[in-house]
Amino acid sequence: MDRPAAGSSYQRFPRVRIRELKDDYAKFELRDTDASIANALRRVMIAEVPTVAIDLVEIEVNSSVLNDEFIAHRLGLIPLTSAAAMQMRFSRDCDACDGDGSCEYCSVEFNLSARATDSDQTLEVTSNDLRSADPKVCPVDQARAYQLALSGNDYDPNAERGILIVKLRRGQELRLRAIARKGIGKDHAKWSPAATVTFMYEPDILINEELMDTLTFDEKRSWVESSPTKVFDLSANGKVTVCDAEAYTYDDEVIKKAEAMGKPGLVEINAKEDSFIFTVETTGAITAYELIMNAITVLRQKLDAIGLQDDDGDLGELGAHLGGP
Amino acid sequence: MNAPDRYERFVVPEGTKKVSYERDTKIVNAASFTIEREDHTIGNIVRMQLHRDPNVLFAGYKLPHPLQYKIIVRIHTTSQSSPTQAYTQAVNDLDKELEYLKQAFEVEKNRYEERAKQGF
């Protein structure tokens, strides 16, 4: 058997094409790699890219209808701007403090103080009422409102409204101190920067033109309409074309329909094993581009950590005796 | 009450090695690598990369139990290579691939922004 000498590289050189890139949304094609890499990227984006989220809440006064832990949980789920999270420390391995989350390297303090005065309206306490001690880390709605105000763009009521925490009736009060820490989605989903991350195999659709010509116009139409999503198009002169290959959901409906019509092999659909179409959506804590880049960085850090050290093995007598390199 | 800390899932306990390996006592050039606090993310990419190496006769990984936060990668190679060599090569190749991918993303982002500018 001919085998190349050990030590040669089997590295791949993946290609990327960005289709759409917005602040919190990205769609891109990833080619010349395999599903394991695509899935590893997806998994890291969801569970291992760090962000900052409220983790510790000290309630001073809470006379609202929600109990303390309910409010603490709601505060934790508010996305905070986390562009600095990659450079921050986890509070469990922060030397400057005892991991109690009270130093600038690993935590950010927030204060909230709200009281419904004697008007008849209920007071809505939102993420906009949170006061951050560090301007880099604040609720994403506050950051967006600030950006809009800076650019002098038209007023966006959604950005101003914030995320509702609790509603207060006349006389009720909420006062608390919260500490936000760096964390990852594996620990708790509140730290996940990803809203959705998905990838699909790019489909390769081949119509057997010869067989297609044997169909009548009505047959063609019923075949084209058998697809639950709009994948094929039928022109007035009876030509069937693929109009949107990616709309195909691998449901096999058109293949079954062709068989039912007595025309097996009318269309051949294969998933390209080395082409993936990714859709990435973030919570706003970091941008979609940052999420992708940070995911690659985190995955590389993981690979660096699993490299072999000199003293890892069991190069004892037994191993040496049984022969090896 | 007695729930283990959540971070136990991804922080390697003190005094434990991240990677350790044990040779097979019956088969030459076969070994099992135990990687602490890793899961399918790492296990599957390492396995697939090992499959690209023609000197690797067998490569597989398992997550023995969902509450034991470790994976076991088993490698069997020809006599031209060794499990440690194949493992190191696979990890290095993956690292280089991701480095390349990162650069490709940076280049493509600039190109995308150029395209967007011309589009308007």
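Output yes when any residue across the stretch B:40-47 is aliphatic (A, V, I, L, M), assigned to a strand (DSSP E or B), under 22 Å from A:G185 (Cβ atoms) and in contact with a strand residue (DSSP E or B) (Cβ under 7 Å, 6 or more places away or on another chain), and no when none is.
Within the stretch B:40-47, none of the residues are aliphatic (A, V, I, L, M), assigned to a strand (DSSP E or B), under 22 Å from A:G185 (Cβ atoms) and in contact with a strand residue (DSSP E or B) (Cβ under 7 Å, 6 or more places away or on another chain).
Collect the residues in the stretch A:8-32 that are facing chain B (nearest Cβ under 7 Å) and assigned to a loop (DSSP other than H, G, I, E, B), keeping them in residue-number order.
A:S9, A:Y10, A:Q11, A:R12, A:F13, A:P14, listed by residue number.
Which residues, taken from the stretch A:2-34, are in contact with a helix residue (DSSP H, G or I) (Cβ under 8 Å, 6 or more places away or on another chain), over 24 Å from A:T287 (Cα atoms) and touching a residue at least 40 places away in the same chain (Cβ under 8 Å)?
A:T33, A:D34
Can you name every residue in the stretch A:169-202 that is farther than 28 Å from B:Y7 by Cα and surrounded by 21 or more Cβ atoms within 10 Å (Cβ to Cβ)?
Across the stretch A:169-202, the qualifying residue is only A:L174.
Within the stretch A:270-281, is even one residue out of contact with any Phe, Trp or Tyr (no Cβ under 8 Å at 6 or more places or on another chain) and touching a residue at least 24 places away in the same chain (Cβ under 8 Å)?
Within the stretch A:270-281, one or more residues are out of contact with any Phe, Trp or Tyr (no Cβ under 8 Å at 6 or more places or on another chain) and touching a residue at least 24 places away in the same chain (Cβ under 8 Å).
Just checking, does the stretch A:58-75 include any residue being farther than 30 Å from A:E124 by Cβ and part of a loop (DSSP other than H, G, I, E, B)?
no
Does any residue in the stretch A:66-89 that is over 19 Å from A:R144 (Cβ atoms) come within less than 7 Å, Cβ to Cβ, of a residue that is charged (D, E, K, R) and in a helix (DSSP H, G or I) six or more places away or on a different chain, and which pairs are these?
Close Cβ pairs (under 7 Å, with a partner that is charged (D, E, K, R) and in a helix (DSSP H, G or I)) amount to A:G76/A:K190.
Looking at B:S20, B:S32 in this structure, which one is in a strand (DSSP E or B), at the interface with chain A (Cβ under 8 Å from one of its Cβ atoms) and hydroxyl-bearing (S, T, Y)?
Answer to the check: B:S20.
Any residue in the stretch A:287-301 that is at pLDDT 95 or above and outside any helix (DSSP H, G or I)?
yes
Could you look through the stretch B:78-120, keep only residues that are in contact with a Lys or Arg (Cβ under 9 Å, 6 or more places away or on another chain) and in a loop (DSSP other than H, G, I, E, B), and pick out the one that is nearest to the other protein chains (Cβ to nearest Cβ)?
B:S81
Taking A:D310 as meeting all but one of (1) in contact with a strand residue (DSSP E or B) (Cβ under 9 Å, 6 or more places away or on another chain); (2) modelled with pLDDT under 90, write down the number of the exception.
Here A:D310 clears every test but (1).
Checking A:A40 against (1) modelled with pLDDT under 95; (2) part of a helix (DSSP H, G or I), which single condition isn't satisfied?
That leaves (1) as the condition not met.
Applying the selection to the stretch B:41-82, what residues are free of Cβ contacts under 8 Å to residues at least 24 places away in the same chain and under 10 Å from the mean Cα position of the chain (by Cα)?
Once the filter is applied, which keeps residues that are free of Cβ contacts under 8 Å to residues at least 24 places away in the same chain and under 10 Å from the mean Cα position of the chain (by Cα), the stretch B:41-82 yields B:T41, B:N44, B:M48, B:Y61.
The values are calculated or read from the model by the stated rules, or taken from the named source; none is laboratory data. Quick caveat, the model's predicted, so the values are computed rather than measured. Backbone-built Cβ (ideal geometry, glycine too); neighbour counts: all protein chains shown.
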